[in-house]
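I have placed the structure first, in the form of structure tokens, so that the comments after it can refer back to it.
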Amino acid sequence: VQLQASGGGLVQAGGSLRLSCAASGRSFSSYPMGWFRQAPGKEREFVAAITWSGESTYYADSVKGRFTISRDNAKNTVYLQMNSLKPEDTAVYYCAATYSSSSYYTRSYKYDYWGQGTQVTVSS
């Protein structure tokens, strides 16, 4: 599976962005998918994850209520809708695919395929 993230940019605090992650290759619909982010000088952190069917979603506490993860298996794409953005959301955002169960969705080392990242910058 190859992943291509897009949709990042510069936005003012309180604004919104929608990230997309397009997948190529077979069996995209079989993979749970996740979004992670990494700010300068910080470790990569979990943002959100979604099961292969889209029925269940998981969020970091820091984004709960502001971000929404979704997927369209017919389009081989996963999305991250980000609302009420804050300066602390500034980071490079990565999408990733995993074989693991939901117990491991927050753990970056459990993901098998990664996109190249897209920069999100939130100005105050």
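The values are calculated or read from the model by the stated rules, or taken from the named source; none is laboratory data. It should be emphasised that the depicted structure is a prediction, and the values quoted were computed from it without experimental measurement. Using ideal geometry, Cβ is built from the backbone for each residue, glycine included, and neighbour counts are taken over all protein chains shown. Areas reflect the complete protein model, heavy atoms only, side chains present, ligands, DNA and RNA absent. Shrake-Rupley method; radii C 1.70, N 1.55, O 1.52, S 1.80 Å.
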Inset, instruction - Within the set of other residues whose C-beta is less than 15 Å from the C-beta of residue 124, count the net charge using Lys and Arg as +1 and Asp and Glu as -1. - result: -1
Legend entry - Alpha-carbon centroids, the range 90-110 and the range 5-58: separation in whole Å: 9
Inset, instruction - Excluding residue 94 itself, calculate the net charge of residues whose Cβ lies under 9 Å from the Cβ of residue 94, where each Lys or Arg counts +1 and each Asp or Glu counts -1. - result: +2
Inset, instruction - Keeping to pairs on different chains or 8 or more places apart, tell me how many lysine pairs in the chain have Cα atoms under 24 Å apart. - result: 5
Legend entry - the chain, accessible area per residue, ligands and nucleic acids excluded (1.4 Å, Å²): 51
Legend entry - Protein accessible area in the range 32-124, 1.4 Å probe - carbon and sulfur %: 45
Legend entry - Percentage, to the nearest whole number, of Cα pairs in the range 69-116 over 14 Å apart: 64
